[in-house]
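Reading through the C-alpha coordinates given below for one structure.
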Amino acid sequence: MADALGLAGRVRMSFGAGTERAYHEGIYVCPAISGWTLAHSPRELALDAAEPEFPDRLRALSRVLGEVQFFGTHRVVEYHAWARAIDGELSRAYCYVGESDEVMLAIGSPSEPEREAHVGVVPPADTSCWGEEEWDIWFKTAPDEEKVLRIAGAWSINPAALDDRNIQDLGWHGFPGRPSPTGRWRRILRRIGGVATTA
(Lines give C-alpha, C1' and ligand atoms only; values in the text may rest on other atoms or scores of the structure.)
Protein backbone atom coordinates (compact mmCIF):
# COMPACT_ATOMS: atom_id res chain seq x y z
CA MET A 1 0.00 0.00 0.00
CA ALA A 2 2.89 2.37 0.70
CA ASP A 3 3.85 2.09 -2.97
CA ALA A 4 0.29 2.79 -4.13
CA LEU A 5 0.17 5.89 -1.93
CA GLY A 6 3.53 7.05 -3.27
CA LEU A 7 5.14 7.37 0.17
CA ALA A 8 8.60 8.90 0.18
CA GLY A 9 11.12 9.04 3.04
CA ARG A 10 9.83 5.81 4.53
CA VAL A 11 10.81 4.81 8.05
CA ARG A 12 9.88 1.51 9.76
CA MET A 13 7.82 2.14 12.90
CA SER A 14 5.69 0.32 15.42
CA PHE A 15 1.93 0.73 15.23
CA GLY A 16 1.83 3.03 18.26
CA ALA A 17 4.77 5.22 17.22
CA GLY A 18 3.67 5.39 13.58
CA THR A 19 0.10 6.29 14.49
CA GLU A 20 1.29 9.02 16.84
CA ARG A 21 3.65 10.48 14.25
CA ALA A 22 1.00 10.37 11.49
CA TYR A 23 -1.31 12.34 13.76
CA HIS A 24 1.16 15.23 13.44
CA GLU A 25 2.65 14.66 9.98
CA GLY A 26 2.88 12.18 7.14
CA ILE A 27 1.05 8.90 6.65
CA TYR A 28 1.40 5.62 8.54
CA VAL A 29 0.75 2.32 6.78
CA CYS A 30 0.40 -0.37 9.40
CA PRO A 31 1.39 -4.03 9.13
CA ALA A 32 -1.31 -6.46 8.04
CA ILE A 33 -3.93 -7.04 10.74
CA SER A 34 -6.34 -9.94 10.17
CA GLY A 35 -5.79 -9.62 6.43
CA TRP A 36 -6.22 -5.84 6.29
CA THR A 37 -3.75 -2.98 6.00
CA LEU A 38 -4.66 0.41 7.48
CA ALA A 39 -3.24 3.74 6.36
CA HIS A 40 -4.01 6.88 8.29
CA SER A 41 -3.25 10.56 8.45
CA PRO A 42 -5.21 13.60 9.61
CA ARG A 43 -4.13 15.71 6.67
CA GLU A 44 -2.03 14.04 3.99
CA LEU A 45 -4.05 11.30 2.32
CA ALA A 46 -5.38 12.74 -0.92
CA LEU A 47 -8.90 11.58 -0.13
CA ASP A 48 -11.84 13.60 1.11
CA ALA A 49 -15.34 12.21 0.55
CA ALA A 50 -16.77 15.76 0.44
CA GLU A 51 -14.67 16.60 -2.63
CA PRO A 52 -16.00 15.95 -6.17
CA GLU A 53 -12.92 13.97 -7.22
CA PHE A 54 -13.20 11.49 -4.33
CA PRO A 55 -15.11 8.73 -6.21
CA ASP A 56 -12.58 8.68 -9.07
CA ARG A 57 -9.61 8.68 -6.68
CA LEU A 58 -11.00 5.77 -4.67
CA ARG A 59 -11.78 3.83 -7.86
CA ALA A 60 -8.23 4.40 -9.11
CA LEU A 61 -6.73 3.24 -5.81
CA SER A 62 -8.87 0.10 -5.83
CA ARG A 63 -7.76 -0.76 -9.37
CA VAL A 64 -4.24 -1.04 -7.91
CA LEU A 65 -5.03 -2.54 -4.50
CA GLY A 66 -8.19 -4.61 -5.00
CA GLU A 67 -10.65 -3.78 -2.21
CA VAL A 68 -10.26 -0.36 -0.63
CA GLN A 69 -12.38 1.00 2.20
CA PHE A 70 -12.39 4.57 3.42
CA PHE A 71 -13.56 5.86 6.81
CA GLY A 72 -13.35 9.43 8.00
CA THR A 73 -14.71 11.38 10.92
CA HIS A 74 -14.13 14.85 12.37
CA ARG A 75 -16.02 15.84 15.51
CA VAL A 76 -15.76 19.63 15.13
CA VAL A 77 -17.55 19.89 11.78
CA GLU A 78 -19.34 16.54 12.24
CA TYR A 79 -17.81 15.13 9.08
CA HIS A 80 -18.63 11.42 8.80
CA ALA A 81 -17.88 9.30 5.75
CA TRP A 82 -17.38 5.75 4.57
CA ALA A 83 -16.86 4.11 1.19
CA ARG A 84 -15.95 0.81 -0.42
CA ALA A 85 -14.49 0.11 -3.86
CA ILE A 86 -13.45 -3.24 -5.31
CA ASP A 87 -11.32 -3.64 -8.44
CA GLY A 88 -12.17 -0.15 -9.66
CA GLU A 89 -15.91 -0.34 -8.92
CA LEU A 90 -17.28 1.98 -6.23
CA SER A 91 -20.14 0.06 -4.64
CA ARG A 92 -20.88 2.39 -1.73
CA ALA A 93 -19.91 5.88 -0.64
CA TYR A 94 -21.59 8.20 1.86
CA CYS A 95 -20.53 11.51 3.37
CA TYR A 96 -22.48 13.70 5.80
CA VAL A 97 -21.36 17.04 7.20
CA GLY A 98 -23.39 17.97 10.27
CA GLU A 99 -22.10 21.54 10.43
CA SER A 100 -24.06 22.31 7.26
CA ASP A 101 -26.51 19.39 7.63
CA GLU A 102 -25.64 18.18 4.12
CA VAL A 103 -25.24 14.77 2.58
CA MET A 104 -22.24 15.56 0.38
CA LEU A 105 -22.05 12.15 -1.29
CA ALA A 106 -24.35 9.15 -1.61
CA ILE A 107 -23.51 6.35 -4.04
CA GLY A 108 -25.08 2.91 -3.84
CA SER A 109 -27.54 1.53 -1.31
CA PRO A 110 -26.91 1.39 2.44
CA SER A 111 -25.21 -1.83 3.53
CA GLU A 112 -26.68 -4.06 6.24
CA PRO A 113 -24.48 -2.50 8.98
CA GLU A 114 -25.68 0.96 7.93
CA ARG A 115 -29.32 -0.14 8.02
CA GLU A 116 -28.80 -1.66 11.47
CA ALA A 117 -27.28 1.63 12.67
CA HIS A 118 -30.08 3.63 10.96
CA VAL A 119 -27.61 5.76 8.98
CA GLY A 120 -26.67 6.30 5.35
CA VAL A 121 -29.95 7.72 4.13
CA VAL A 122 -30.59 10.79 1.99
CA PRO A 123 -33.43 13.24 2.66
CA PRO A 124 -35.88 13.95 -0.16
CA ALA A 125 -35.03 16.80 -2.53
CA ASP A 126 -37.94 18.87 -1.23
CA THR A 127 -38.26 19.18 2.55
CA SER A 128 -40.30 22.38 2.48
CA CYS A 129 -43.39 20.58 3.76
CA TRP A 130 -41.56 18.86 6.63
CA GLY A 131 -42.70 19.56 10.13
CA GLU A 132 -40.95 19.00 13.45
CA GLU A 133 -41.67 15.27 13.45
CA GLU A 134 -40.11 14.70 10.03
CA TRP A 135 -37.00 16.70 10.98
CA ASP A 136 -36.68 14.78 14.26
CA ILE A 137 -36.76 11.51 12.33
CA TRP A 138 -34.15 12.80 9.87
CA PHE A 139 -31.75 13.99 12.58
CA LYS A 140 -31.89 10.55 14.19
CA THR A 141 -30.35 9.15 10.99
CA ALA A 142 -27.34 11.50 11.19
CA PRO A 143 -24.17 9.43 11.65
CA ASP A 144 -21.59 10.02 14.37
CA GLU A 145 -18.08 8.77 15.05
CA GLU A 146 -19.31 5.69 16.91
CA LYS A 147 -21.47 4.62 13.98
CA VAL A 148 -18.66 5.16 11.47
CA LEU A 149 -16.43 2.91 13.58
CA ARG A 150 -19.23 0.35 13.88
CA ILE A 151 -19.51 0.20 10.08
CA ALA A 152 -15.71 -0.16 9.83
CA GLY A 153 -15.85 -3.09 12.25
CA ALA A 154 -18.63 -4.78 10.30
CA TRP A 155 -16.94 -4.29 6.92
CA SER A 156 -13.40 -5.05 8.07
CA ILE A 157 -11.72 -3.67 11.25
CA ASN A 158 -12.79 -1.16 13.88
CA PRO A 159 -9.52 0.75 14.39
CA ALA A 160 -10.65 2.01 17.81
CA ALA A 161 -10.80 -1.60 19.03
CA LEU A 162 -7.12 -2.29 18.22
CA ASP A 163 -4.65 -2.66 21.07
CA ASP A 164 -1.24 -1.26 20.09
CA ARG A 165 0.46 -3.79 22.38
CA ASN A 166 -0.88 -6.72 20.33
CA ILE A 167 0.55 -5.45 17.03
CA GLN A 168 4.17 -6.52 17.00
CA ASP A 169 5.13 -6.12 13.34
CA LEU A 170 6.39 -2.82 12.01
CA GLY A 171 4.70 -0.62 9.43
CA TRP A 172 5.89 2.27 7.28
CA HIS A 173 5.72 6.00 7.98
CA GLY A 174 6.35 8.36 5.09
CA PHE A 175 5.24 11.42 3.21
CA PRO A 176 3.22 11.74 0.01
CA GLY A 177 5.07 12.84 -3.07
CA ARG A 178 2.52 15.59 -3.71
CA PRO A 179 1.18 18.64 -1.83
CA SER A 180 -1.06 17.93 1.16
CA PRO A 181 -4.85 18.16 0.58
CA THR A 182 -7.42 19.56 2.99
CA GLY A 183 -7.05 18.73 6.69
CA ARG A 184 -9.77 16.28 7.64
CA TRP A 185 -9.03 13.05 9.51
CA ARG A 186 -9.02 10.06 7.18
CA ARG A 187 -8.51 6.34 7.26
CA ILE A 188 -8.24 3.81 4.46
CA LEU A 189 -8.58 0.08 4.95
CA ARG A 190 -7.34 -2.32 2.28
CA ARG A 191 -8.24 -6.00 1.99
CA ILE A 192 -5.16 -8.01 1.10
CA GLY A 193 -6.54 -11.53 1.37
CA GLY A 194 -4.57 -12.42 4.49
CA VAL A 195 -1.17 -11.93 2.80
CA ALA A 196 1.12 -9.80 4.95
CA THR A 197 2.87 -7.04 3.04
CA THR A 198 5.33 -4.34 3.92
CA ALA A 199 5.17 -2.60 0.57
With R₀ set to 30 angstrom, the calculated FRET efficiency between the beta-carbons of ALA161 and GLU20, to the nearest 0.05, is 0.95
Connecting every pair of Cα atoms under 10 Å apart in the chain and solving the GNM, the largest mean-square fluctuation among TRP155, TRP36, TRP135 falls on TRP135
Trypsin sites (Lys or Arg not before Pro) in the stretch 29-133 lying in a DSSP loop, each with at most 14 other Cβ atoms within 10 Å of its Cβ, come to ARG75
For the stretch 1-125, averaging the sequence separation of alpha carbon pairs under 8 Å that lie six or more residues apart and dividing by its residue count, the contact order in percent is 14 percent
Per the rule of 0.36 nm per residue minus the C-alpha distance, extending ALA8 to ARG63 adds in nm 17.7 nm
Computed over the chain: longest principal axis from alpha-carbon atoms vs helix 15-24 long axis, angle to nearest 10 degrees, is 60 degrees
Ignoring ligands and nucleic acids, SER109 exposes an accessible area, probe 1.4 Å, in Å² to the nearest 10, of 90 Å²
Per DSSP, the loop-located GluC sites (Glu not before Pro) within the stretch 66-141 having at most 13 other beta carbons within 10 Å are GLU99
In degrees, nearest 10, the alpha-carbon axis of helix 145-155 is tilted away from the dominant principal axis of the alpha carbons of the chain by 60 degrees
In deg cm²/dmol, rounded to the nearest 500, the helical mean residue ellipticity at 222 nm of the chain, built from -39500 (n - 2.57) for every DSSP H run of length 4 or more, is -7000 deg cm²/dmol
So, relative contact order of the stretch 83-163 in percent, Cα under 8 Å, 6 or more apart, is 19 percent
Heavy-atom accessible area of the chain with neighbours in place, 1.4 angstrom probe: carbon+sulfur share in percent works out to 50 percent
Out of PRO113, PRO31, PRO52, a Gaussian network model of the chain with alpha-carbon springs under 10 Å gives the largest mean-square fluctuation to PRO52
Taking a probe of 1.4 Å and leaving out DNA, RNA and ligands, the chain shows per residue an accessible area in Å² of 49 Å²
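The values are calculated or read from the model by the stated rules, or taken from the named source; none is laboratory data. In this text, all values refer to a predicted model and were calculated from it rather than measured experimentally. Using ideal geometry, Cβ is built from the backbone for each residue, glycine included, and neighbour counts are taken over all protein chains shown. In case anyone asks, the SASA skips ligands and DNA or RNA and just uses the protein heavy atoms, side chains included. Shrake-Rupley method; radii C 1.70, N 1.55, O 1.52, S 1.80 Å.
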